[in-house]
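First comes the structure, then the notes that go with it.
The values are calculated or read from the model by the stated rules, or taken from the named source; none is laboratory data. Nothing here was measured: the structure is a model prediction, and the numbers come from that model. Glycine gets a Cβ as well: all are built from the backbone with ideal geometry, and neighbour counts include every protein chain shown.
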């Protein structure tokens, strides 16, 4: 679908007729008769043009605020551009069994790969939290140090899982004495 301009009348199977009120980088803001103001992604194939607004200019380029918004979305969605972390070779294809003390209950088995992925995601989210704290505009240096101590202690609590990592550079590291 070609780029639509502000003022273009469109039709949507669910919301009916509407008018594009804003042309964002990745979505249109549209006022619909039956749905009110709704943001619809530009990739949506449900929109059909009733009447194009020929007098409006087609959007060209993006501004810095929009670029920051897109970059924040992408980095948040994909947890930044992180290197691939590998599980130790001896664990590949393995599983973890969690057996309750009560014999009437069934044990739970999870693959090492799934468990390892969850551990890596915890570590990566802690790193993002750490970056957000350190770059926060309102927190004082004292606040940042206090919050950082909790993250460091959390890393320390997770050092038990270091045996799963193939590379020692990927290990969790807590407070060093």
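From the list 124, 141, 170, the lone residue that is loosely packed, with under 14 Cβ neighbours inside 10 Å and either touching a strand residue (DSSP E or B) at 6+ places or on another chain (Cβ under 8 Å) or on the phi < 0 side of the Ramachandran plot (or both) is 141.
Residues checked against (1) modelled with pLDDT under 85; (2) closer than 15 Å to residue 161 by Cα; (3) part of a strand (DSSP E or B); (4) touching a helix residue (DSSP H, G or I) at 6+ places or on another chain (Cβ under 7 Å):
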residue: 93; (1), (2), (3), (4): no, no, no, no
residue: 100; (1), (2), (3), (4): no, no, no, no
residue: 105; (1), (2), (3), (4): no, no, no, no
residue: 119; (1), (2), (3), (4): no, yes, no, yes
residue: 124; (1), (2), (3), (4): yes, yes, no, no
residue: 129; (1), (2), (3), (4): no, no, no, yes
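Summed over region 154-177, the residues that are within 25 Å of the chain's Cα centre (by Cα) and either over 20 Å from residue 116 (Cα atoms) or in a loop (DSSP other than H, G, I, E, B) (or both) give a count of 4. Among the residues making up region 131-173, those that are under 22 Å from residue 89 (Cβ atoms) and out of contact with any helix residue (DSSP H, G or I) (no Cβ under 9 Å at 6 or more places or on another chain) are 159, 160, 167, 169.
Listed here are the strands (runs of 3 or more DSSP E) enclosed by region 1-41 that have at least 3 residues being under 16 Å from residue 51 (Cβ atoms): 9-12, 16-23, 27-32.
Pairs linking a residue in region 57-84 that is more than 19 Å from residue 135 (Cα to Cα) to a residue that is surrounded by fewer than 12 Cβ atoms within 10 Å (Cβ to Cβ) and modelled with pLDDT of 75 or more, with Cβ atoms under 6 Å and 6 or more positions apart or on different chains, are 58/3. Could you tell me whether residue 130 is within 23 Å of residue 72 (Cα to Cα) and either more than 21 Å from the chain's Cα centre (by Cα) or without any contact (Cβ under 8 Å) to a residue 40 or more places away in the chain (or both)? When the stated conditions are applied, residue 130 passes them.
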